1. In degrees, nearest 10, range 0 to 90: what is the angle between the Cα axis of helix A:123-150 and the longest Cα principal axis of chain A?
2. Other chains' Cβ within 10 Å of B:21-28 residues: what's the mean?
3. In whole Å, what are the extents of segment B:4-48 along the principal axes defined by its C-alpha atoms, from largest to smallest?
4. Rank the residues A:182, A:159 as a footprinting-exposure proxy: fewest other Cβ atoms within 10 Å of their Cβ go first.
5. I need B:47, A:185 ordered by Cβ neighbour count within 10 Å, fewest first.
6. Gap in Å between the Cα centre of segment A:204-232 and the Cα centre of segment A:80-136?
7. Through the Karplus equation 6.51 cos²θ - 1.76 cosθ + 1.60, θ set to phi - 60°, convert the phi angles of segment A:284-290 into ³J(HN,Hα) values in whole Hz; use x for Gly and Pro.
8. When N is the residue count of the protein assembly as shown, what does its C-alpha Rg come to as a fraction of 2.2 N^0.38 Å?
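Read-outs throughout are calculated quantities, based only on the coordinates presented, and are distinct from any laboratory measurement. No experiment lies behind these values; they were computed from the predicted model shown. Every residue, glycine among them, receives a Cβ derived from its backbone with ideal geometry; neighbour counts consider all protein chains shown.
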Amino acid sequence: MRGTTPRRMQGMADPVLASMVHDLGMEEVPHYASRTGTVVGYTQRWVENAKFRDGPVNPQRVEVTDRSAMTARIKAKARELGADLVGICRLTPTMIDLGKEVPHEFVIAACVTEDYHKVLEGADAVEEEAMRVYAACADLSTELAAYIRDLGYPAWAHHNGVREVQAIPVFYQVGFGELGRHGSLINEKYGADFRPGMVTTDLPLDVDEPREFGVQDFCMNCNVCMQNCPGDAIPEDYVVTDGIKRWLIDLEKCYPYSRLRDEYCHLCVDVCPYNVRSHRTTFKTFMKERKRIGYKTPKY
Amino acid sequence: MDKFYLQERRPDGEVSTVGLFYSREEAEEVIAELRELPDKQGCEYVLVRPPE
Ligand code: B12
Ligand code: SF4
Ligand code: SF4
């Protein structure tokens, strides 16, 4: 199956970011150049995992006579490997990068959540936590794909080191939640504080369904991410893609804060009130601090 | 920086926004790739400037 959704490349491979970096008289993305040893260690983990995203498929296939039992087994395995959220859907061209081929029927999203309490320790702690979780997702998806190949079915891992699958359309279709104004997908329990590990496969599985629980209606009146985004990158208006409402952030305004400074920016996700249900005290303390320093801080 | 929404107008009349692009050149590259896809043969692509 060939993909239809354009992907924006990361770092200097994105012409928009590259031109902004060059305008500053630089050759490297400032944020990446300032990464700590711990963060670099995590990035090496997903690069290493990429070598094992595919492998030999066991010729002695386990026949699937009971799909729901096999689905339960795969979800249990993903949880055993460290996933906090697991969902399955049929793969569609919208979920695949434009022009890329993925020869499988299903996609399993196996996501790991971030420790929200890091918001009280500052941007570096939030970034290290994000990178720890990306590395955990790479380990998890690589092991889950190998487990499925052992059952006799083809399977590829998709994570930061190697991927053709777009996370958000998959998160939506497997029922993790709804797209928020900040452009990330919101789950009622975890907010948008989770990162993607994915496996595509031909193993026959039962699929989950999209779930809506009022996020987009809430976003219409909330606007807290918009009011806290230091770059004013989050828009008032939405567009519609495949019948689904989404707000497209303005990269030219986001990059000065998320890529052109040493510090990481994850504020739009951290200030979202969907964090309050699981982290009431931390959320309140964090928002009090934001009020004290000024909501849109840091500002150039 | 120039900005354009890329809209896909489908044969059944549905309009779906592909994304926001930051130069005509960037958007045209995506349109060229989409036009190669058998599923997209009946679609038209239109660039729309966001409101100021
Ligand atoms: C490129 C990228 C970026 C780029 C550009 C993002 C953008 N919105 O254009 C930059 C570097 C700016 C970025 C920033 C951030 N990102 Co980012 N990003 C990605 C990445 C790697 C690819 C997405 C992509 O190519 N977009 C390309 C542009 C052209 O497409 P877009 O239309 O704007 O993006 C959309 C499509 O991916 C998708 N989409 C496209 N077609 C369709 C159709 C349907 C029907 C649906 C439902 C969705 C959908 O929805 C996206 C958002 O609206 C994904 C990982 C992945 N595997 O998908 C993470 C990802 C989307 N990012 C994520 C996060 C957390 C962030 C940040 C908060 C953190 C950070 N500092 O990096 C910020 C927040 C910015 C923001 N408010 O959006 C998470 C979201 C987690 C979640 N729960 O949803 C993801 C899934 C992975 C991750 N980093 O964990 N990101
Ligand atoms: S902060 Fe408010 S407007 Fe923004 S995504 Fe969260 S709920 Fe929606
Ligand atoms: S990452 Fe920062 S600058 Fe970018 S949209 Fe979110 S809050 Fe705004």
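1. Relative to chain A, helix A:123-150 is tipped by roughly 10 degrees.
2. Numbers: counts 4, 9, 3, 0, 1, 5, 1, 0.
Rounded to a whole number, the mean comes out at 3.
3. Per principal axis, max minus min of the Cα coordinates gives 28, 19, 11 Å.
4. So the residues, fewest neighbours to most, are A:182, A:159.
5. Going from sparsest to densest Cβ surroundings: B:47, A:185.
6. Comparing the Cα centres of segment A:80-136 and segment A:204-232, I get a distance of 17 Å.
7. 5, 4, 4, 5, 5, 5, 5
8. Details: Rg = 20.4 Å, N = 352, 2.2 N^0.38 = 20.4 Å.
Normalised Rg, Cα atoms only: 1.00.
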